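What follows draws every value from the coordinates through simple rules; no lab data is involved. Bear in mind that the values here come from a model prediction, so they are computed numbers and not experimental data. For neighbour counting, all protein chains shown are included, and Cβ atoms are generated from backbone atoms with ideal geometry for every residue, glycine included.
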Amino acid sequence: MKLASIETFVVGNPPPHYGGRYFVFAKLTTDDGISGIGEAYCVPFDPHLVAAMIEDVFGRYAEGSDPHDIEALWRRVYSSGFTQHPDLSLMGILSALEMACWDIVGKAAGQPIYKLLGGQVHERLRAYTYIYPRPGDATDVYHDPDLAAERAAEYLEMGFTGLKFDPAGPYSAFDGRQLSLEALDLCERFARQLREAVGTRADLLFGTHGQMTAAGAIRLARRLEPYDPLWLEEPVPPDAPEEMAKVARATTIPVAAGERLATKYDFARLIESGAAAILQMNLGRVGGLLEAKKIAGMAETRHLQIAPHLYCGPVVGAANIQLATCSPNFLILESIEEWGGFHSEILKTPIQFEDGHVIPSTAPGLGVELDEDVARAHPYTGTMLHLEMTQHPVT
């Protein structure tokens, strides 16, 4: 079996854009007609350029090779152009290719990927969702704790036992910083009102995006501690795990981090510094499924847990499910509500969601198939990137 061809899809994600403005998928096909799908997360270039980069890397290192030989493919791409470094762009591209290879391998074996990465540990996967805005909202649920508390009650009725929110304000190219007293007060109000709304029926996951210095994050954490969040997410920028470790040592709230890291080498620094109790690898960036499984194993030796990150399309979501299902130290899975809307439409068979849990598919490979007609009918025509940071300092 040899990899013979590639096709890429740059898909616009219609409003309300949950999961980002667009998704970038790669479909690989072997010489005996088996196809696999992968997805790249948040590569910081125009998505059509990203698609061309995926095709370029495929032609250089994957075409004509056996999709089973994932370790060899990984090392060749990781070392591309004399790099051998956790380059986020290259790792996003490699993640899409590696994921597609695993999809092919699973289909060829007639097994879901989790059966090939150690076997099934979890029959159901606990999931959480962001508290999202809805059409017709009179205020912004990201800045209105009253509306957020009202929405939280709705998510409880849907079966969720974990809710994430991020009221700390915009994230900027000039972070970290000290939050203003007004922002600190708002964050504390959110935590208090949400805890009153959910009681002990749900964990609260306090999301930030590296907005703070370590000192600023410690100030925030002390305000949040009475409301017992499950985690404080990426409180300082991801380039300084030693600074994040200062936060972890100063608070009783577990620190979660990892969505902006790639490869076992980045995660080794995070683990060794003691910066995080919960690792949030994104499988469309970290280097793929096998790399994520290695990181999960590294975490297991320190009794750390994993909570795969997701803010992209359902193919990365399906890969997260495969990893979570076979990992003993899995904690909770990021979901985009109940995997409805466009995330359902773009798959031939939607991800199965039941009472706040994802049910792992028993289908071979990733367990999902891209509806290519839907993908082609929704091309991305915008100019903005998947995610954008504020370009000016926040005062």
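Table for the structure above
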| item | result |
| --- | --- |
| Estimated distance in nm for a label pair at E157 and T362, the labels positioned 7 Å out from Cα along Cα-to-Cβ | 3.4 nm |
| Rounded if a/c under 1.5, otherwise prolate or oblate - the stretch 137-292, Cα gyration tensor axes | prolate |
| Rounded to 5, the percent of DSSP beta bridges in the stretch 115-366 classed as antiparallel | 15 percent |
| Simple Cβ-charge dipole of the stretch 3-110, Lys/Arg +1 and Asp/Glu -1, about Cα centre, in debye nearest 20 | 260 debye |
| Nearest-20 debye value, the stretch 306-384 charge dipole, Cβ charges on Lys, Arg, Asp, Glu | 240 debye |
| Residue order, fewest to most surrounding Cβ atoms within 10 angstrom, among H48, H378 | H48, H378 |
| Between 0 and 90°, nearest 10: helix 314-325 axis offset from the chain longest Cα axis | 80 degrees |
| Per-residue Cβ neighbour rank within 10 angstrom, fewest leading, D266, D87 | D87, D266 |
| Compactness of the chain as Cα Rg over 2.2 N^0.38 Å, two decimals | 0.94 |
| Distance (nanometres) between label positions extended 7 Å along Cα→Cβ at A52 and S79 | 2.8 nm |
| Net dipole in debye of the chain [+1 Lys, Arg Cβ; -1 Asp, Glu Cβ; about Cα centre; nearest 20] | 900 debye |
| Gyration tensor (alpha-carbon) shape descriptor, the stretch 3-110, a/c threshold 1.5 | oblate |
| MRE, 222 nm, helices only [DSSP H, n ≥ 4, -39500 (n - 2.57), over the chain, to nearest 500] | -11000 deg cm²/dmol |
| Length-normalised contact order of the stretch 237-370 in % [C-alpha pairs under 8 Å, at least 6 apart] | 18 percent |
